[in-house]
Amino acid sequence: MNRNRNPTLKAVFNGAAQTVIQHMPNHPLHQDYQRASEANVKPPHARLALARRLAAATSTIWKNDEEYDPEKHRAKAHST
């Protein structure tokens, strides 16, 4: 999500972040977005952080050939 990026993948992860924000209120990543908003983080910055987390999760899932588990996000959210 920086200047040396693939614009198509950037759009995909930004769209995925927007989907989590708008349509998945019970998802741990949405709850992280809410916490950031309540901490006065500007919405574009909170959305970018969410998109980066989605990109990191995707990369890890792909590298380790595992299935997506939202509980991994929940555990991380509670440990911080």
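Checked against (1) modelled with pLDDT of 90 or more; (2) within 22 Å of L9 (Cα to Cα); (3) surrounded by fewer than 16 Cβ atoms within 10 Å (Cβ to Cβ); (4) in contact with a Pro (Cβ under 9 Å, 6 or more places away or on another chain), Q34 passes all but a single condition, namely (2). Beta carbons closer than 6 Å, at least 6 apart along the sequence or on distinct chains, pair a first residue in the stretch 17-36 that is free of Cβ contacts under 8 Å to residues at least 60 places away in the same chain and more than 11 Å from L54 (Cα to Cα) with a second that is crowded, with 19+ Cβ neighbours inside 10 Å and β-branched (V, I, T) for H27/V20; H30/V20; Y33/I21.
Flag set for E71, criterion: acidic (D, E), at pLDDT below 90, part of a helix (DSSP H, G or I) and out of contact with any His (no Cβ under 8 Å at 6 or more places or on another chain). Within the stretch 8-23, the residues that satisfy the criterion of being over 12 Å from the mean Cα position of the chain (by Cα) and among the hydrophobic types (A, V, I, L, M, F, W, C) are L9, A11. Taking the criterion of being of a type in the set (G, A, S) and part of a helix (DSSP H, G or I), the residues of the stretch 1-47 that qualify are A11, G15, A16, A17, A36, S37, A46.
The values are calculated or read from the model by the stated rules, or taken from the named source; none is laboratory data. Please read these numbers as outputs of a predicted model, since none were measured by experiment. Cβ sites come from the backbone with ideal geometry, for glycine too, and all protein chains shown count toward neighbours.
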